[in-house]
Every structure is written in C-alpha cells, then in structure tokens.
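Coordinate-derived values only; no laboratory data. As the structure is a prediction and not an experimental result, all values here were calculated from the model. Positions of Cβ are generated from backbone atoms using ideal geometry, with glycine treated the same way; all protein chains shown enter the neighbour counts.
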Amino acid sequence: MQKQLFPGLWTNTPASRYFHHPPVLETSRLILRPLRMRDARDLFSWCADPQVARYVLWSAHQSPRETRDYIRYMRHLYRERMPSSWGIVNRDGDQVIGTIGLMAWSPENSSCEIGYSLARECWGRGFMTEAASRLIRSLFEDLGVNRIEARHDLRNPASGRVLEKCGMLKEGVLRSGIINKGETVDIALWAILKSDFVP
C-alpha cells in the first residue's frame with residue numbers, strides 16, 4: 001500500500017533497497033540468499049513432507065509445479081520491493097535445506113515478524129538457530145528495525161527453543177490464536193528488541 005501511495009519515497013528508502021536485493025547472509029555452515037528457480041528440486045524434496053508442513057501455515061506441496069509457483073511468487077516480491085524469504089543453503093552440499101524470512105513488516109512501528117521452515121533431515125543440528133540469529137542481526141543492523149517478533153504453534157516446542165537460543169523472550173500465549181489446517185491452536189509469541197541484541 002505504501003508503495004502505491006508514495007512510489008517515489010518508497011523506491012528511495014533503505015527498506016525498499018533491502019527488499020529489492022535481499023543481502024546474502026553467511027554463517028560458518030550456511031548461506032542465506034534469495035531463491036532461484038533452479039532451487040525448485042531442493043525445495044520440493046522437503047516442502048512435500050507433511051511433517052515439515054505440520055505446524056506452519058502452508059500445506060505440503062503436492063507437485064513440483066506448486067514449488068515452482070512459490071519461488072516465482074518470492075521472486076515477484078523481490079521485484080516489487082516487498083518483504084520476502086531467503087533460501088537457507090547448506091555449504092556442505094550446496095543444497096537449499098530451508099527458508100527463512102519476513103512474515104510481516106510494520107515500518108510505522110519499526111517492527112517485523114520472522115518465520116522459517118527446515119528440511120526434516122536437518123532438524124536438531126542447530127541450523128535454524130544459526131540462520132535465525134544471522135537474519136536477526138541483519139534486520140537490526142541493515143534494515144534498522146527496533147523489534148523482531150516470531151510465533152510458533154505450542155505443539156512445536158522445538159521452534160520455541162530455537163527462538164530462545166536466538167535471544168528472544170517469550171511474551172505470552174495467544175489462546176486459540178489461529179486456525180491452521182482446520183484446527184484451532186494456541187500460539188506462543190516471542191520477541192527481541194534492538195536493545196536486547198548481543199551480536
């Protein structure tokens with residue numbers, strides 16, 4: 001909406017440049033980068049897994065075409081200078097093993113919300129903590145937000161452990177916060193402020 005009302009102002013903002021060309025973010029084991037069409041095979045291999053999709057808001061992909069459509073949508077968001085997601089690439093094997101990105105962004109409140117997914121064979125290895133910590137740092141230092149939020153289904157405590165390890169604080173529980181795949185579920189709300197952040 002802001003882009004439509006104030007196109008000139010939007011184009012010249014740091015946020016516009018950040019979203020148009022999401023920075024490549026690196027850790028010792030991972031590279032976070034914009035998604036490419038050739039990533040479709042990697043993504044489909046785990047986006048089709050019902051266990052990966054169980055606690056997130058999207059459903060398991062039914063065909064490679066669905067995965068390609070998702071990547072096209074992400075690339076559309078890059079072009080339109082809108083919040084989007086990064087692919088999480090494992091340096092060992094050069095495969096896209098997950099995604100992480102902005103689910104919401106509120107420039108007037110200097111805040112955003114992050115979300116993520118990871119291939120099941122990579123669970124329990126600290127990859128998502130590593131990726132989320134790196135993204136949080138970039139959002140504070142490069143995008144300039146003051147508050148970063150994340151939410152997770154209470155039935156998925158592993159996600160809460162990731163957020164805790166990233167320095168987030170659990171602020172409460174949204175009882176019957178959403179309906180996901182036909183089920184009403186409770187949602188935990190976590191957040192970290194720029195003043196909390198320790199690089």
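Structure values in brief
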read-out	value
Extreme residue, positive dipole direction of the chain, given options GLY124, GLY144, PRO23 (C-beta unit charges)	PRO23
Separation in nanometres of the label points that stand 7 Å from Cα toward Cβ, at GLN51 and ASP69	2.7
(1) 28; (2) 6; (3) 12, with the label sought being that of the calculated percent of Cα pairs over 32 Å apart	(3)
Dipole magnitude of segment 2-148, debye to nearest 20 (Cβ charges: Lys/Arg +1, Asp/Glu -1, about Cα centre)	280
Pairwise FRET efficiency - LYS165 versus CYS122, Cβ, R0 = 25 Å, nearest 0.05	0.95
Computed FRET value (nearest 0.05) for HIS76 with VAL173, which takes r as the C-beta separation and R₀ as 25 Å	0.15
Segment 2-148 - percent relative contact order, Cα under 8 Å, separation 6 or more	24
